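The structure appears right after this line, and notes come after that.
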Amino acid sequence: MNEYYRTVYDKFELLVRIGFYYTKDDLWVSIENGQAKVGVSDYLQKTSGDVAFIEVTKAGSTVEKGKELGTMESAKATIALLCPISGRVDKTNDELIAKPELINSDPYGKGWLAIIAPSNLDDDLRALLSADDYYTLMLQKLQTEHEKLESR
């Protein structure tokens with residue numbers, strides 16, 4: 001079985017992990033044993049460039065859907081990472097803080113940001129995109145970016 005939707009754009013192969021949930025702001029959520037693991041999509045890490053610094057809300061903190069979970073700094077920009085679900089941060093990825101480049105090398109694996117104990121999982125998941133819907137959105141974003149570049 002294929003784990004990813006794939007597309008090649010310019011020199012980049014872009015991946016969307018099947019079975020995950022996504023935000024329009026390019027974060028992903030996977031559900032494991034009632035916990036929500038959150039990370040940055042392949043699309044966001046590739047369009048942002050090499051990640052130089054990551055900051056994530058501390059474990060034990062309460063987070064709200066749509067509010068800042070952390071920030072990601074790359075050569076191109078500093079990006080506010082908006083939390084896709086509400087709950088309590090149970091764990092942050094200490095390895096990622098020490099090696100932010102893990103987002104670039106393994107965004108759906110070792111590059112995860114936080115594990116959250118959700119407070120309203122069913123409602124929050126209904127508001128997220130499926131992998132199918134996110135893949136379609138990503139392709140639309142690529143088309144829009146391509147059109148902007150061609151119009152210059």
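The values are calculated or read from the model by the stated rules, or taken from the named source; none is laboratory data. All figures in this text were calculated on a predicted structure; none of them were measured in a lab. Backbone-built Cβ (ideal geometry, glycine too); neighbour counts: all protein chains shown.
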Check your understanding: Got at least one residue in the range 33-46 being charged (D, E, K, R) and part of a loop (DSSP other than H, G, I, E, B)?
Key -> no
Point to revise | Residue selected from the range 69-126 under the condition basic (Lys, Arg) and without any contact (Cβ under 8 Å) to a residue 24 or more places away in the chain, by the criterion surrounded by the fewest Cβ atoms within 10 Å (Cβ to Cβ) | key: ARG126
Check your understanding: For residues in the range 40-54 being closer than 17 Å to ALA80 by Cβ and touching a helix residue (DSSP H, G or I) at 6+ places or on another chain (Cβ under 8 Å), which is surrounded by the fewest Cβ atoms within 10 Å (Cβ to Cβ)?
Key -> THR47
Check your understanding: Which members of the range 1-39 meet the condition of being acidic (Asp, Glu) and buried (at least 17 other Cβ atoms within 10 Å of the Cβ)?
Key -> ASP26
Point to revise | Filter result (within 12 Å of LEU139 (Cβ to Cβ) and either acidic (Asp, Glu) or within 16 Å of the chain's Cα centre (by Cα) (or both)) within the range 7-21 | key: LEU14, VAL16
Point to revise | Residue list for the range 5-19, filter: hydrophobic (A, V, I, L, M, F, W, C) and in contact with a Leu (Cβ under 9 Å, 6 or more places away or on another chain) | key: VAL8, LEU14
Point to revise | Segments classed as strands (runs of 3 or more DSSP E), wholly inside the range 51-134, with at least 3 members that are at pLDDT 95 or above and under 25 Å from GLU13 (Cα atoms) | key: 51-56, 68-74, 78-82
